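Have a look at the structure below, then the notes.
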Amino acid sequence: MFSRRDFLRNMSGAALVASAVNPLLSWATDAQIAIPGKEDLIVRSYRFYDLETPVEHFRTWLTPAEHFFVRNHTHEPSTIDPAQWKLSIGGEVEKPYTLTLAELSRLETHSVVNTLECAGNGRAFQNPNVPGIQWQKGAVGTGRFSGPRLHDLLQRAGVKSTGKHVMFRGLDEVPGKVPPFIRSIPIEKAMDSDTLVATHLNGAPLPKHNGFPARALTPGWIGAASCKWLTEIKVLEKEFEGNFMNPGYRMPNQPVKPGEAVKPEDTHPVTALNVKSLISSPQNGSTSRSPNLHIQGMAWAGESDVTRVEVSTDGGTTWHAAALGKERAHYAWRLFSYPWKAPKSGDYTIVSRATDGQGRTQPATPVWNPSGYLNNAVDQVKIHVQT
Amino acid sequence: MYKLSVAVSLLLLACAFPHIWAQSASSPELPAGPLQAKATTACAECHDARIIVQQRLSKAAWTKEVDKMVKWGALVDPQDRDALIDYLSANFSVDKPQYVPERSRSSAAKKPAK
């Protein structure tokens, strides 16, 4: 395992390059920002919070809450009083009703280990650049989410045959004329036994930044399908019409040339995540004094399963099967590892590539789209071995 | 000797990347220029400058962003629109160096994990 101390030792002042500045400064200086409950995350935005997990914190199957990424579209609720919080269930239902947090907590609870990823994770690697939070690799994390099934809440209300979509409204505070962050999912996904109204992450109440006291958990789908600070569930006759359904969170129906404009009618909503992998060790830009490296990472595939991860140590020319970790769950990433001995001192490009149960694999380069969604290009890190 | 070399390295970095040291949690500043104050007023009402300074966009893309934000309530005098687009396009164009973000503080000792 490389540490920043190793990194510092191995880099002379003259050799420091811009790509190495971020991890160095973020540890070694006071250019850090206090965000209670969120530790050592990359601050893409402070007001409102958009916080990315640095890859060196991906060491375990479950991502600790303090290192779990945060994606907010607008301001968090300024105050949440658990005693006053209510969740309404209505719309195209026979018996609309409202739950308090105490009532919600008494319902049967289920747990789903889910890899949650922002649709825009990897946007920073799109070429040409696209606007939006410039996520690199860490707008993703895996957690054990627990709470009642959305199916059970809807069944109690009695969904009418006209109910085709389920809308989530959170308590986000919206400035100016900014459209509210409201989205909907199809009734089939809402009624899936793994779709939850989650109140807990990794066995503890949800952190405020991750949606306390309750959030939707739409497993295998982009994070935006799992609205936070949930206060209203409404069954609709059709997909919710709002900025974050259209034009937001949509992909071109057909591949487009980089930089090309796409008409709204030629797009569809982004739903499930695609197959992807990430190298968590060694770190990009690091130097190893030993030729023996333990290449590690994680791979996920939305609603599908990861069936194979391959690692290349020569920039993608030759590939080797990595061992998959024992910990697994339907919607969760698999850890992978590949022990490797560098043949000689020098620079190496390590690449990882995952394949899912349907035979889909990662492209060599990002597939460009106007909003930079679902970038699942192979991951790569450049290292130096000096023995 | 090791500590000294680290200190020297950090000093060199501070000189090389002074903007990093000027940032704070609540009030990162937009770059100097005739539109600095107006851009700050128009944009900072809803979000901090980090959302702007991390972008590296063409003028066409900045134009779209400014017009979207005006639609969403950003207070931009119509007479300032073109100048604001020029200001953002000049300061945050695709040829500028990559933005280096801060991190949230760790409550653990500032000792890197092994």
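Here, each number is a calculation from the coordinates, and none is a lab measurement. Worth saying up front: this structure is predicted, and the values here are computed from it rather than measured. Cβ: placed from backbone, ideal geometry, glycine included. Neighbour counts: every protein chain shown.
Counting each DSSP H run of 4 or more residues in chain A as -39500 (n - 2.57), what helix-only mean residue ellipticity at 222 nm follows after dividing by all residues, to the nearest 500 deg cm²/dmol?
-2500 deg cm²/dmol
Which FRET efficiency value, to the nearest 0.05, is calculated for A:Lys177 and A:Gln380 with the Förster distance at 51 angstrom and r the Cβ-Cβ distance?
Using R0 = 51 Å, I get an efficiency of 0.75.
With the Cα gyration tensor of segment A:178-311 giving a ≥ b ≥ c as the square roots of its eigenvalues, does the rule (a/c under 1.5 for rounded; else a/b larger than b/c for prolate; else oblate) give rounded, prolate or oblate?
The shape class here is oblate.
Using the Cα centre of segment A:70-269 as origin and beta-carbon charges of +1 (Lys, Arg) and -1 (Asp, Glu), tell me which of A:Asn210, A:Phe168, A:Pro269 is placed farthest towards the positive end of the dipole.
Towards the positive end, the residue furthest out is A:Asn210.
Just the number, please: percent antiparallel of the DSSP beta bridges in segment A:70-269, rounded to the nearest 5. Before the final figure, lay out the partial values.
Numbers: 36 of 41 bridges.
Percentage antiparallel, nearest 5: 90.
What is the sum of charges, Lys and Arg at +1 and Asp and Glu at -1, for the other residues whose Cβ falls under 15 Å from the Cβ of B:Gly33?
Charge balance near B:Gly33 sits at -2.
On a 25 Å Cα-Cα criterion, which of the cross-link pairs A:Lys276/A:Lys382; A:Lys208/B:Lys38; A:Lys86/A:Lys234; A:Lys228/A:Lys257; A:Lys38/A:Lys234 come out too long? It would help to have the intermediate numbers written out before the result.
Numbers: A:Lys276/A:Lys382 19 Å; A:Lys208/B:Lys38 33 Å; A:Lys86/A:Lys234 14 Å; A:Lys228/A:Lys257 34 Å; A:Lys38/A:Lys234 32 Å.
Exceeds cut-off: A:Lys208/B:Lys38; A:Lys228/A:Lys257; A:Lys38/A:Lys234.
For segment A:133-149 and segment A:37-104, what is the separation of their Cα centres, given in Å?
10
Using alpha-carbon positions, what is the distance between the centroids of segment B:66-105 and segment A:311-387, in Å?
Measuring centre to centre over Cα atoms gives 35 Å.
Could you check the spin-label model distance between A:Thr387 and A:Arg360? Points 7 Å from the Cα along Cα→Cβ, value in nm.
That separation, rounded to one decimal, is 4.0 nm.
Give me the aspartates and glutamates in straight-line cross-link reach of B:Lys59: C-alpha distance below 20 Å, same-chain residues under 8 apart excluded.
A:Glu260, B:Asp67, B:Asp77, B:Asp80, B:Asp82, B:Asp86, B:Asp95
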